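Step one of this worksheet: look at the structure below.
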Amino acid sequence: MINLEFVINTLSLGSLYALLAVGLVLVYGILKLVNFAYGEYLMVAGYAIYLSAIVGAPWWATLIIAVAASMLVSFLTEIAAFRPVRTKSMDALLVTSFAVSIFLQNVVLLAVSPRARAVPLPDFFSKTVVIGGAVLPLRNLLIIATTAVVLALLSFLMKKTVLGMAMRAAADKFTTTRLMGVPANFVISAAFLISGFLAGVAGIFWVGRSGSVDPLTGAAPLLIAFIATVMGGMNSPIGAVVGGFVYGLLFNILSITLPASMISYRDAFMFAIVVLFLLFRPEGIIRRGYTEERVG
């Protein structure tokens, strides 16, 4: 049944998926790399919340530390792992992203525990509000508001600042952009930092939904981000946002239309929809011209 509760839940789910998808697309737009370590940036944010709570940090500091940790790990992986192989083949970059993902998973597995850890979050994450007769988790409203603010700031950054214009130019014609004097390392590092920021923000809400974190926490959001970008368009941040909301809408529609015995096959239906997109609309919902230019 489509009511206010369904609309709010769909918007909150789509908002979360949009944040994940945009973070993946920003790096892909420049390096043409699907960063399979992206989910681990989100996982790092979850463990940062867990460790910060252990030492007794206030909740506002805990959330800042989570986002900062995700950004730092994203930046360090770009410098230590991706930059040395950037001039190699695309296969080298792809394998490197898998290696980084496995490395980060094993770091937390050995340093913390292979078991899931409870993540304490502020009380308002678990509160509910009543709007129009519908009882809604306050967390869902926070996701929508946070995503709106983050995407507005990102839009301003990309359209009104020198860094944003350099990143957009690099995504279109990287070689030409470098010839115009834009430093390649700076632009790519900025893309990874912003990607880490988005993963950190999304990670707070993702972990807040389950209240726990484990070494494989990043696997599901990475898959969702990838599917959303395929649906929306791998070469467009706007397409990534659209794909995130479309994914959230389809996911919720399946949740209320599938019989109870088939709910467990919901992900299989989502994959079938993605296959249809690849067959009939491989460029995604938002069509954008692009070149397969390698970054060297």
Worksheet item: Just checking, which of G244, G208 is at pLDDT 90 or above and within 30 Å of F75 (Cβ to Cβ)?
Response: G244
Worksheet item: Which of the following residues is without any contact (Cβ under 8 Å) to a residue 40 or more places away in the chain and either in a loop (DSSP other than H, G, I, E, B) or over 17 Å from S15 (Cβ atoms) (or both): F269, F226?
Response: F269
Worksheet item: In this structure, is R281 basic (K, R), out of contact with any Lys or Arg (no Cβ under 7 Å at 6 or more places or on another chain) and more than 30 Å from I194 (Cα to Cα)?
Response: no
Item to complete: Report yes if some residue within segment 109-122 is at pLDDT below 95, in contact with a helix residue (DSSP H, G or I) (Cβ under 7 Å, 6 or more places away or on another chain) and assigned to a helix (DSSP H, G or I); otherwise report no.
Response: no
Worksheet item: Take the residues of segment 76-124 that are free of Cβ contacts under 8 Å to residues at least 60 places away in the same chain and charged (D, E, K, R): which is farthest from R139 (Cα to Cα)?
Response: K88
Item to complete: Go through segment 145-156 and give me each residue that's more than 17 Å from A191 (Cβ to Cβ) and surrounded by fewer than 17 Cβ atoms within 10 Å (Cβ to Cβ).
Response: A145, A148, V149, A152
Worksheet item: Of everything in segment 173-201 that's more than 24 Å from A37 (Cα to Cα), part of a helix (DSSP H, G or I) and not hydroxyl-bearing (S, T, Y), which residue is modelled with the lowest pLDDT?
Response: L179
Item to complete: Tell me which of these V130 doesn't satisfy, since it passes every other one: (1) β-branched (V, I, T); (2) surrounded by 15 or more Cβ atoms within 10 Å (Cβ to Cβ); (3) not in a helix (DSSP H, G or I).
Response: (2)
Worksheet item: Any residue at all in segment 56-63 that is closer than 22 Å to N140 by Cβ, within 17 Å of the chain's Cα centre (by Cα) and modelled with pLDDT under 95?
Response: yes
Worksheet item: Given P221, P215, which one is under 30 Å from F125 (Cα atoms), part of a loop (DSSP other than H, G, I, E, B), at pLDDT 85 or above and of a type outside the set (A, V, I, L, M, F, W, C)?
Response: P215
Item to complete: Pick out the one residue from G232, G243 that is buried (at least 22 other Cβ atoms within 10 Å of the Cβ), among the small types (G, A, S) and under 13 Å from the mean Cα position of the chain (by Cα).
Response: G243
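The values are calculated or read from the model by the stated rules, or taken from the named source; none is laboratory data. From a predicted model like this one, the values you see are computed outputs, not experimental measurements. Note: ideal-geometry Cβ built from the backbone for every residue, glycine included; neighbour counts use all protein chains shown.
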